[in-house]
Amino acid sequence: MMKKLTLLGTASVMAATLAHAQESADEERRVREDVVIVTGTAAARTGFETPQSVNAFDEEELLRYTAASQADILTQLPGVAAEGGGGEVATNFFVRGLPSGGQFQFTPLLYDGIPAFSTFGLNSSAFDVYYRNDLGIERLEYVTGGASNLFGPGSVAGIINYISKTGGPESYGTAQIEWAERGRFRGDFFQSGPLGGANTSNFYAISGFYRTDEGTLESGLDTEGYQLRGNVRHEFGDGSGDITVYGQLIDDRVQFFLPLPLDGGSRERARGNDGNEVFTLNTAQAAQLRYPNTLYETPIEDGVATSGGSFAVILDRELAQGWRLNAKAKYADYDHQFNLFLDGDGSVNLPLTTANYLTELGFGGVGTPSATFVDTGEAVPGNFLLFGNRILDRVRDATDASAEVSISKTADWGGAEHTLTLGAFYSNTEAKDLNYITTYVADFRNNPRLVDISIDGATQGSDGALVAADAGTVFEVTQNGLLNANGVTGDRDREAQRYAIYLADQIELDRFTFDLGLRVESIEGRVLQRELEDVQLGADPQVNDSLENVRLQDGRSRIGEVDATEWAAAAGMLYRLNDDINLFANYSRGFFFPEVRSVQFVFDTDRTGPYEAEIINTAEAGIKFRSNRLSGYAAGFWTTLDDRQSVDFVNDGMGGVINEVTVQSTETFGIEAGGDFDITDHLNVSGNVTLRDHQFTGDSNNGNELRRQPKVIFNAGLNYDDGRLDGSIFYNYRGDNFANDGNTVELEGYSLVRAEAGYTHELANDRSVRLSVNVFNLLDSDGVTEGSPRQGNMQTGGQDFFVGRPILPRRITLRAAYNF
């Protein structure tokens, strides 16, 4: 009898425990769904209660997604095609069928509600060159459409906002080390807690990393650097709010990878002269290139280098009688270079034997050619392939100051609760854009070797053509691998000032939520352009030891100014069908000011061409639903854009590159759907799918699809976590798309699989250790993400080689984290 009672008691305890666990799991799901969204709103409400598409990733999700770049995270978002084939920075981000060369052109990147950089298009550097993510990030919010587009720096397609951890009354932290294949080491830390005694109202948080990396693709040129971020928060004694000071210090350089020649038939990685697959044509030997009669050496070994920092202050305070004040201000100053290897010499652009390469250069049929390796002097075998390539060194120092202030009032008017917000935004941004191109010749392999080419019995005539000469007369095609120093292809300083005012009303009325808003903004742009024909290397080598000193001698400059004013309006509605189903719809009429780098001068004058805002209309309507185990949404969307001044960096046909400006109009229809299902208390599956149809309207590409924008995007993830063991596997699919606007080159769809597994060991005093392994590109796919943007509509298929950029190869990363 006692045994039976014991068994019954044990069963009762087990049942109660399971019931409690189920209640805890249900509560955890509800909390996850009820996270208050702070991006693009003045009203405190959850994503489920917001009349637009909202996605949020918490800290654990960010850690699972991250391998190296922003693309690892952003690719999980619905409606987004993001890829980081270039490395850790300059993520290509395409959203809802808006035409773009990549980066963050239509979607500002924010940290704590403040833009990482206020104005896009002073040069072509992406916003993510100024910030790196670290352990100090609490969550990511991505909000699209409706009134969210009106706040802060404004948007037309959505807002990406990373929110930092801030300190609290309890001290805690994390120390993490990371090792990966191909020579990667990274150390991260985070620490937060109170400043002062037990009853203090001051708190701090600090995070940072140091990282060195011989990859992701090995070229002999390393990635190395660090970042420190932190904040100090003061809570007002009356509980009315807080003021937080943020700081960032960065000194980091990363290598960047552009497209390279692939096998023309399979579009897989080609074999180099040594028989191995070629992963990158970046080469450490190019770091030795020096220009004749100067001390100037290319800074290509620094890659994408950013040093400097930012300082910001955020005040958030409740005032009397339902009023609230929010103010933000930031100043940033960065020394920045974006040095990269291009994808060909701008004329030949393909690997060829020495004889065929000289023929393509116009040096064939005269004299006796020979080719030797610069490093050893040994002869280059006649069957070896040579590849002419270019280095593009770019100085892009920048400063950015921005401020936003808003005052909101929450009150009951006409039977509804209104949150009325009046705000203003200002920014002043300046950036350099000095570009210098160098052309060299090397053989075709990983970490290519520089090649010298000479022709015996030849000389150059007065017209530049090669003519026969006596034996012993040698014409040097390259010297120390240097084919020519093309020179400065652009030397401009640009700045932009933006002024905006916005008004929004967010209304709660019974089962309805309404968002209404209006924004008016003006921009003033200025361009200082130095005349290229007057740019030369100085006679005094002492003034040519850096790129910034390779400047005008006595040339003229032109100054152009542009300005524009435009308005945006938005409306959104949400209807609560019941506690677990909401219907929503929104519409916005927005604008995008043309990139200041697109400004062109009229012939030989200081007058500039037209500068008018590009109008973008967006709308979406859908449903949000949730239950104990399932939550999700589905929405249809529509986007149009009129008269966009699209800027592309293309070959000029003479070995240089130019900014090519074209006017484009587009239209997109699509459907998005996403969901999250808890199979058990510890096992979860999530995913989203985007189907869309997009085309150019009213220009030379009328009816064509937009480049690099797949019509089908699918993401799925399976996650297990029981508190001790955890594991995740993610699948991303990007459908077929075109490499250029002319639709002359089609790229096949590809899949990317990533995996993560970890073990957590609990220690005393709420401490723990987590060991994990992460595998990027588990199946080692060679999917091609883009063709050659420099060739643009001139690129075709059907040749022995195809210039394209595959996704990065498989990489295994081990991490050990100590939480205390």
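The values are calculated or read from the model by the stated rules, or taken from the named source; none is laboratory data. Predicted model only: the values in this text are computed from it and were never measured. Note: ideal-geometry Cβ built from the backbone for every residue, glycine included; neighbour counts use all protein chains shown. Keep in mind that these areas ignore ligands, DNA and RNA; they rest on the heavy atoms of the full protein, side chains included. Shrake-Rupley method; radii C 1.70, N 1.55, O 1.52, S 1.80 Å.
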Positive-end residue of Val596, His761, Val38, charge dipole of the chain with Cβ unit charges: His761
Only Lys, Arg (+1) and Asp, Glu (-1) charged, at Cβ; region 97-196 dipole about Cα centre in debye: 200 debye
Point-charge dipole on Cβ atoms (K/R +1, D/E -1) for the chain, about Cα centre, debye to 20: 1580 debye
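Output the antiparallel fraction of DSSP beta bridges having both residues in region 90-168, as a percent to the nearest 5. Walk me through the numbers before you get to the answer.
Numbers: 8 of 11 bridges.
About 75 percent, rounded to the nearest 5.
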Nearest-0.05 FRET efficiency for Leu577 and His761, computed from C-beta distance (R0 60 Å): 0.85
Contour minus Cα-Cα distance for Tyr172 and Phe603 (0.36 nm per residue): 148.9 nm
Simple label model, 7 Å out from Cα along Cβ direction - Ala816 to Ile501, nm: 6.0 nm
Full-stretch length increase - Ile671, Glu378 - with 0.36 nm per residue and alpha-carbon distance subtracted: 99.5 nm
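Quote the charge dipole size of region 605-647 about the Cα centre in Debye, to the nearest 20; the model charges only the Cβ of Lys and Arg (+1) and of Asp and Glu (-1). List each step's numbers first, then the result.
Details: 5 positive and 6 negative charges, 116 e Å.
About 560 debye.
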Ser240/Thr565 FRET efficiency (R0 30 Å; Cβ-Cβ; nearest 0.05): 0.25
Where trypsin sites (Lys or Arg not before Pro) fall in DSSP loop in region 328-415, at most 16 other Cβ within 10 Å: none
Crossing angle, helix 2-33 versus the chain [Cα axis fit, 0-90 degrees, rounded to tens]: 50 degrees
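Taking the solvent-accessible surface of protein heavy atoms with a 1.4 Å probe, what is the per residue accessible area of the chain in Å²?
Values: 32510 Å² over 820 residues.
Normalised by residue count, the accessible surface of the chain is 40 Å².
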Positive-pole candidate from Thr513, Thr280, Tyr131, dipole of the chain, charges at beta carbon: Thr513
Inter-label distance for Leu249 and Ser768, nm, one decimal - labels placed 7 Å from Cα along Cα-to-Cβ: 3.2 nm
Virtual paramagnetic centre 7 Å along Cα→Cβ of Trp179, amide N under 16 Å, in region 794-820: 812-818
Distance in nm between pseudo-label sites at Arg629 and Leu725 (7 Å out along the Cβ direction from Cα): 2.1 nm
Cut-off 16 Å (backbone N to label point 7 Å along Cα→Cβ of Asp643), residues of region 562-597: 563-568, 590-595
Among (1) 121, 70, 57; (2) 111, 71, 56; (3) 97, 63, 53, the entry derived from the coordinates for Cα extents along the principal axes in Å: (2)
Qualifying chymotrypsin sites (Phe, Trp or Tyr not before Pro) for region 215-302 [loop in DSSP, other Cβ within 10 Å: at most 15]: Phe236
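For the pairs Lys165/Lys330; Lys165/Lys328; Lys165/Lys432; Lys165/Lys409, note any where the Cα-Cα span goes beyond 23 Å. It would help to have the intermediate numbers written out before the result.
Numbers: Lys165/Lys330 18 Å; Lys165/Lys328 17 Å; Lys165/Lys432 33 Å; Lys165/Lys409 27 Å.
With Cα atoms farther than 23 Å apart: Lys165/Lys432; Lys165/Lys409.
So between Ile658 and Tyr226, what do we pick up on full extension, going 0.36 nm a residue minus the alpha carbon distance?
Details: separation 432, 0.36 × 432 = 155.52 nm, distance 3.32 nm.
Using 0.36 nm per residue and subtracting the Cα-Cα distance, I get 152.2 nm.
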For region 160-310, with +1 on Lys and Arg beta carbons and -1 on Asp and Glu, the positive-most of Ser266, Ser201, Phe185 along the dipole: Ser201
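Which of the peptides 145-154, 796-805 is most tightly packed, and how do the rest follow, going by the mean number of other Cβ atoms within 10 Å of each residue?
Values: 145-154: 28.2, 796-805: 18.1.
Ranked by mean Cβ neighbours within 10 Å, highest first: 145-154, 796-805.
At R0 = 41 Å, how high is the FRET efficiency between Asp335 and Val474 if r is their beta carbon distance? Nearest 0.05 is fine. Write out the running numbers ahead of the final one.
Values: r = 43 Å, r/R0 = 1.04.
For R0 = 41 Å, the calculated efficiency reads 0.45.
Tell me which trypsin sites (Lys or Arg not before Pro) from region 714-759 have a DSSP coil assignment and no more than 14 other beta carbons within 10 Å of their own. Don't skip to the end; give the middle numbers.
On the way: sites: Arg724, Arg734, Arg754; in loops: Arg724.
Here the trypsin sites (Lys or Arg not before Pro) that fit, given the DSSP loop and packing criteria, are Arg724.
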